[in-house]
1. Determine which member of the set Leu40, Leu109 is in contact (Cβ under 8 Å) with a residue 40 or more places away in the chain and either not in a loop (DSSP other than H, G, I, E, B) or not β-branched (Val, Ile, Thr) (or both).
2. Taking the criterion of being of a type outside the set (S, T, N, Q), modelled with pLDDT under 80, assigned by TED's automatic domain parsing to the domain that holds Asn158 and closer than 21 Å to Ile149 by Cα, would at least one residue in the range 197-214 satisfy it?
3. Could you please let me know if Ile301 is touching a strand residue (DSSP E or B) at 6+ places or on another chain (Cβ under 9 Å) and either modelled with pLDDT of 80 or more or within 30 Å of Leu96 (Cα to Cα) (or both)?
4. Quick test of your reading of the structure: Arg116 fulfils all but one of (1) touching a residue at least 12 places away in the same chain (Cβ under 8 Å); (2) surrounded by 15 or more Cβ atoms within 10 Å (Cβ to Cβ); (3) within 22 Å of Arg3 (Cα to Cα). Name the failing condition by number.
5. Pick from the range 275-305 the residues that are in a loop (DSSP other than H, G, I, E, B) and touching a residue at least 24 places away in the same chain (Cβ under 8 Å): which of them is surrounded by the fewest Cβ atoms within 10 Å (Cβ to Cβ)?
6. Which number in (1) closer than 30 Å to Ala134 by Cβ; (2) surrounded by fewer than 13 Cβ atoms within 10 Å (Cβ to Cβ) marks the one condition that Trp308 misses?
7. What pairs come out if I take residues in the range 1-22 that are assigned to a strand (DSSP E or B) and pair them with residues that are among the polar types (S, T, N, Q) and modelled with pLDDT under 90 whose C-beta lies under 9 Å away, six or more apart or interchain?
8. Take the conditions surrounded by fewer than 20 Cβ atoms within 10 Å (Cβ to Cβ), of a type in the set (D, E, K, R) and modelled with pLDDT of 95 or more and apply them to Arg141. Does it pass?
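The values are calculated or read from the model by the stated rules, or taken from the named source; none is laboratory data. Bear in mind that the values here come from a model prediction, so they are computed numbers and not experimental data. Please note: Cβ atoms are built from the backbone with ideal geometry, for glycine as well, and neighbour counts cover all protein chains shown.
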Amino acid sequence: MHRLLLVTFKNSFYRNDLEGSGFEITEFHPNVPDSELENLTSSVYDFAVVELNDLLARDPRGVLAGVAKKNRVLCLSNRITRDLKEMLLEHGIVDLLDGDDPGRIASYLLELLKERKAEDKIFVMDDDAASVSAIKNISARFSVETSVISSMDSLFENAGEGPRLILVNLASKMLDLNLLIRKAYSDHSIRKIPFLVYKDMKTGLFVHEFISGLNRITKYILDTPEMLGLLARLFFRRDMMPLSHRLDGLLRTGDYTRFVDGNLSQVYFNNEEILVQPDPVTNESFEEIVGVNDGLKEGLIKIDGLRWLVSYSAK
């Protein structure tokens, strides 16, 4: 059973569905008195669900900071503003759903809480706790292990472990930019690994970052939200496209394009050989189609709470 902290204006509305899905619920009202605020933020849960809306009597940053320090957080809001998005990223929170469907919330949480075997690895050079937390939360659901690099030496020494991406925050205090560029350009093992370079653009780019030769290892310097949105799109498509391609093969969609358009009469007249066409759902193919469809559905659930981030970063 998963332990869930529920901090919403409609706790009773959500409780039955969430308990029925196997969650043990601890409830607090979002406008909890200051005297109870420490109780709200002191325990550790498998997930915390926090509702953010105009009915909040206090600045929610205090609650979010306390809860996010120890827990993964899913926020609920029917009014997703730019200020709200910036506030979530300040605390490393990437999971946000609109609406108030208890079944959707339960399905989303259960999908994220599944144990997964890592299939890929990325390296991250970043000493900002919020952005590291955001990267880890996005990557984990797509079976990608995040290894946080503690020094330049560690990056070069461990590059042979096979990371598929190296993420570098230009604002990291451990970064020696000139050394990174020299090594990345000259070391054959590192040259084969794509670099994703980003920075909080509120501070702007410095002259030495422009003239350092970064173009040798990357075409872009992304803002942090852009980087997170790119990761979400990349991992989502990497998961979904093989499944989509396999489904096309199982259904042989290229051979049956005449079923796509037209009413039933037109479809029939355009497919006179239908009586001799192969069975599209043999016992073996049917089971595989069901499995592929389940995989596609899981992928859509994983990305559901990140859609705000993908659209936000694309603007």
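1. Being in contact (Cβ under 8 Å) with a residue 40 or more places away in the chain and either not in a loop (DSSP other than H, G, I, E, B) or not β-branched (Val, Ile, Thr) (or both) holds for just one of Leu40, Leu109, which is Leu109.
2. Looking for residues that are of a type outside the set (S, T, N, Q), modelled with pLDDT under 80, assigned by TED's automatic domain parsing to the domain that holds Asn158 and closer than 21 Å to Ile149 by Cα, one finds at least one in the range 197-214, hence yes.
3. Taking the combined requirement at face value, the residue does not satisfy it.
4. (2)
5. First, the residues of the range 275-305 that are in a loop (DSSP other than H, G, I, E, B): 277-282, 305.
Subset that is touching a residue at least 24 places away in the same chain (Cβ under 8 Å): 278, 280, 305.
Details: Pro278: 8, Pro280: 12, Gly305: 26.
The qualifying residue surrounded by the fewest Cβ atoms within 10 Å (Cβ to Cβ) is Pro278.
6. Failed condition: (2).
7. Arg3/Ser43; Leu5/Ser43
8. no
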